[in-house]
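Contents: one structure, followed by commentary.
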Number of protein chains: 2
Amino acid sequence: MKATIINIGDEILIGQIVNTNATWMAEKLNQSGIAVDRVLAIADTEKAIKEALDIALLNSKLIFITGGLGPTKDDITKKALAHYFEMEMAFHEPTFSNMQQLFAQYGKVVDDRYQVQAEMPVGAKIMINKAGTASGMWFEKNGSIVVAMPGVPREVKYLMTYEVLPNLKMQLEFPTIIHQTLNVTGKGETDLAEMLEDFEQKLPSNIKLAYLPNSMIGMVRLRLSAYGEDAIVLETQLDHYIRKLPPILGSLIFGEGKDTLEGVVGQMLLKRGYNLGTAESCTGGNIAHKITSVAGCSAYYESSVIAYSNAIKQDLLGVHTTTLEEHGAVSEQTVIEMARGTQKLLNVNCSIAVSGIAGPTGGSPEKPVGTIWIAVTENEKIYTKKLQLGKDRLQNIERTTTIALNLLRRFLLNDLS
Amino acid sequence: MKATIINIGDEILIGQIVNTNATWMAEKLNQSGIAVDRVLAIADTEKAIKEALDIALLNSKLIFITGGLGPTKDDITKKALAHYFEMEMAFHEPTFSNMQQLFAQYGKVVDDRYQVQAEMPVGAKIMINKAGTASGMWFEKNGSIVVAMPGVPREVKYLMTYEVLPNLKMQLEFPTIIHQTLNVTGKGETDLAEMLEDFEQKLPSNIKLAYLPNSMIGMVRLRLSAYGEDAIVLETQLDHYIRKLPPILGSLIFGEGKDTLEGVVGQMLLKRGYNLGTAESCTGGNIAHKITSVAGCSAYYESSVIAYSNAIKQDLLGVHTTTLEEHGAVSEQTVIEMARGTQKLLNVNCSIAVSGIAGPTGGSPEKPVGTIWIAVTENEKIYTKKLQLGKDRLQNIERTTTIALNLLRRFLLNDLS
């Protein structure tokens, strides 16, 4: 089952926005067993829309269009589609009611500019869009299906999830595809591929392994997909193979599905009745930012000190002047004293302390840019690690954040000596 | 001058990566006077590449291809293009030398897998890629130009900037386009459009205003572009119109071009010989993270306290128990004491203090989710502000960060009473 995605909008063609709709839709369609053959981004003109449909219908039985359904004069997708499928326009009451309901939530009445949005092509199946004012449309011609949605990502997600995909599944036969994802940190894609070479070779032909790396933060998602007919059979089969991964990858795996490292660490702290504080120099608050991006973190997250200056390392965290003089701010001794000082100052069980040279300048021959020391503590126990990263300041900050959180996770698992 | 961008790669069609190459290229091409007509993402197959070229050459005289030039077996763009343009392949010495030089930087020699990358189509103009091992290619046929580059964003940027665009400018006549961007925060796109309605109506037809909003962080970039022939004339003309914006928008404008709010605030602190510390509750370190993402910030950034718990607000920052009891942690009185406590504790001229309910839960009828108090200080002066934001935790954190930094900026400008 081959599909074409058509994204309409000058904002893509002038480089104003990134086409995230195409990415999201391609992922969802693939997960549903619909392979995407082409993604086509085109201008807001009737001519461009007609040409794109001609091209798409030559190759694909399924065409998914986004964009150009708003009330402004640029948005001409609806008119172009009505012409293309030779349909008249007429007032569509359910679309108008939906609009009235959405406006009422903000204490407003539907104003004249929006009236045109209730005009819909007669003969198309209209899909009410509870996430916005423009309805979706479903056209069929010569055995092909053409679906049109607004361009707002939230509205695309709503219509795809609650209208388009369920309707397609009722009307067409799809292969069953199920997925499981494991989230990994500590090794890059190349190393993981080497570790999993044997595992991959032994996979049956209906199971595929995908590596989805995020090199900025230093994580890889491993997605195992099983293709077949019977969901129960596939689930059993997928379970069988997914269970082979932990013995190979061990504690490189930190979670599955939508688990985040900061969420996993938070749950571990919560279970142990621990609280956490951080002392950050070069990460400048990014570790605290990640931890506090988890709703409910106040149950285990205490506070942090961003100790950028030596004075604060000394005054607040109790790092000794002699330590800074003899070993420097970027040293094992300093992060040990920062981590211990944090435990004392914030009265916490666990602490993370980081000091390093994020770059792009500030290095020396002995301590080049990218030299970073981390210490993590669990009550009286402590573990330290030295990193040697690159010269990209933001990447150094992001990767150090991941490595530090992961170090605490592994330390709490007694996975570090 | 119409162009088509073709991005080759299954990773786009399965939704694994976002097509940022297309966005970057579209922006650069538009800025150079080349309008992009279509963006086409296609599979890694010779058939798909041939079909895409057929489609593109019907409409466009300029075609920019990325992807599929690596050493792995999936990467078949080069072979497909050689077939399409009926060219033989031959060893290309400059490509091999470039590869050797790149490998030598890492103390490596070119291994066998990479040898194939030095085979290039005879008759194409080869563009050496100093950012990677795969050279770019330039084909011409029937008055059309087809350029092929690797898919790695860094390499696309290198080849476009140093080879493709300069070569195009030598060979073809382009309109001259110049741009100036102002960065704005404090009002959304709709409000700005209202404020600038008169300004926009009076713009001559060769000058366009674009709104580039980032709603997550609460900023809008305003880009003014002038189209014509003579760069000097256009610059004078653009200057004339850009100078009309500050009187209309005032201190909503915080910078131009690549200026960031945290960078602008940093420069203001530096000029005044001030240093800064922050006390963050609900933003959880994100303000400190933004400030420390600027290289060289240690010249003015001192340190921060992430005071998530009330105990730390009291013990470290000296917020009074009675203040917390009478007004609560999310109150004007508390942020005032946090801001003053930060000045004292960290010995800084300026401080930013934030306390609020980031959500999605934790609100009350009097203080719903999204209630946030901010205080900024400059020596003995202090200014406070209450925000009422939405329910999205991450958006609340990001927007509060922007608003807090902007508040300090305007306070230092004496723009707040």
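For this structure, a couple of remarks:
- Protein accessible surface hidden between A and B, which excludes ligands and nucleic acids, total in Å², probe 1.4 Å: 4300 Å²
- Of the residues A:Tyr162, A:Tyr227, A:Pro204, the one whose Cα sits farthest towards the positive end of the charge dipole of segment A:122-272 is A:Tyr162 (charges of +1 on Lys and Arg Cβ, -1 on Asp and Glu Cβ, taken about the Cα centre).
- For chain B, calculated [θ]222 nm from helices alone, where every DSSP H run of n ≥ 4 adds -39500 (n - 2.57): -11000 deg cm²/dmol
- Comparing A:Gln101, A:Thr377, A:Leu387 along the charge dipole axis of chain A, the residue lying farthest to the positive side is A:Thr377, per the Cβ-charge model.
- Taking all pairs of distinct alpha-carbon atoms in segment B:183-298, Kirkwood radius in angstrom: 16.4 Å
- Counted over segment A:378-417 with a bin width of 10 Å, the fraction of Cα pairs per bin, in whole percents, is 26, 47, 23, 4.
- Portion, in percent, of the accessible area of the protein assembly as shown that falls on carbon or sulfur, probe 1.4 Å: 51 percent
- Charging the Cβ of each Asp and Glu at -1 and of each Lys and Arg at +1, and nothing else, the dipole of chain B about its Cα centre rounds to 500 debye.
- Equivalent ellipsoid semi-axes, segment A:17-140, via Cα gyration tensor eigenvalues times 5, rooted, Å: 26, 18, 14
- Taking all C-alpha pairs of segment B:332-375, those more than 17 Å from each other amount to 40 percent.
- Across all directions, the average flat footprint of the convex hull enclosing the Cα atoms of segment A:97-165 is 5.1 nm².
- B:His179/A:Asp392 FRET efficiency (R0 22 Å; Cβ-Cβ; nearest 0.05): 0.25
- For B:Lys157, the lysines whose Cα comes closer than 18 Å to its Cα, not counting residues fewer than 8 places off in the same chain, are B:Lys28, B:Lys130, B:Lys169, B:Lys258.
- Taking max minus min of the alpha-carbon positions on each principal axis, segment B:112-241 gives extents of 61, 37, 23 Å, largest first.
- If you wrap the tightest convex hull around every Cα atom of segment A:63-119 and split its volume per residue, you get 100 Å³.
- Total charge dipole magnitude, the protein assembly as shown, about the Cα centre, Cβ charges on Lys, Arg, Asp, Glu only, Debye to nearest 20: 880 debye
- Which of A:Ala339, A:Leu317, A:Ser304, positive extreme of dipole for segment A:302-357 (C-beta unit charges): A:Ser304
- Estimated distance in nm for a label pair at B:Lys381 and B:Met195, the labels positioned 7 Å out from Cα along Cα-to-Cβ: 2.1 nm
- Percent of C-alpha pairs per 20 Å bin in the protein assembly as shown, short distances first: 13, 41, 39, 7, 0.
- Lysines whose Cα lies under 25 Å from that of A:Lys386, excluding same-chain neighbours fewer than 8 positions away: A:Lys187, A:Lys290, A:Lys313, A:Lys344, A:Lys367, B:Lys290
- Among B:Ala48, B:Ala26, B:Ala339, the largest mean-square fluctuation in a Gaussian network model of chain B, built with springs joining Cα atoms closer than 10 Å, belongs to B:Ala48.
- The phi-based Karplus calculation (6.51 cos²θ - 1.76 cosθ + 1.60; θ = phi - 60°) puts the 3J(HN,Hα) values of segment A:384-399 at 10, 8, 9, 10, 10, 9, x, 10, 7, 3, 5, 5, 4, 5, 5, 5 Hz, whole numbers, x for Gly and Pro.
- Value of Rg to Rh for segment A:256-379 (Rh from inverse mean 1/r over Cα pairs, i.e. Kirkwood): 1.00
- Checking every one of the trypsin sites (Lys or Arg not before Pro) in segment A:255-344 against DSSP loop status and a limit of 13 other Cβ atoms within 10 Å picks out A:Lys258.
- With q set to 0.10 Å⁻¹, the log10 of I(q)/I(0) for chain B, from the Debye formula over equal scatterers at the Cα positions, is -0.87.
- From the largest down, segment B:18-84 spans 35, 26, 17 angstrom on the principal axes of its Cα atoms.
The values are calculated or read from the model by the stated rules, or taken from the named source; none is laboratory data. Just so it is clear, the structure is predicted and the values come from calculations on it, not from any experiment. All Cβ positions, glycine included, derive from the backbone under ideal geometry; neighbour counts span all protein chains shown. Just the protein is used for accessible areas: all its heavy atoms, side chains included, with ligands, DNA and RNA removed. Shrake-Rupley method; radii C 1.70, N 1.55, O 1.52, S 1.80 Å.
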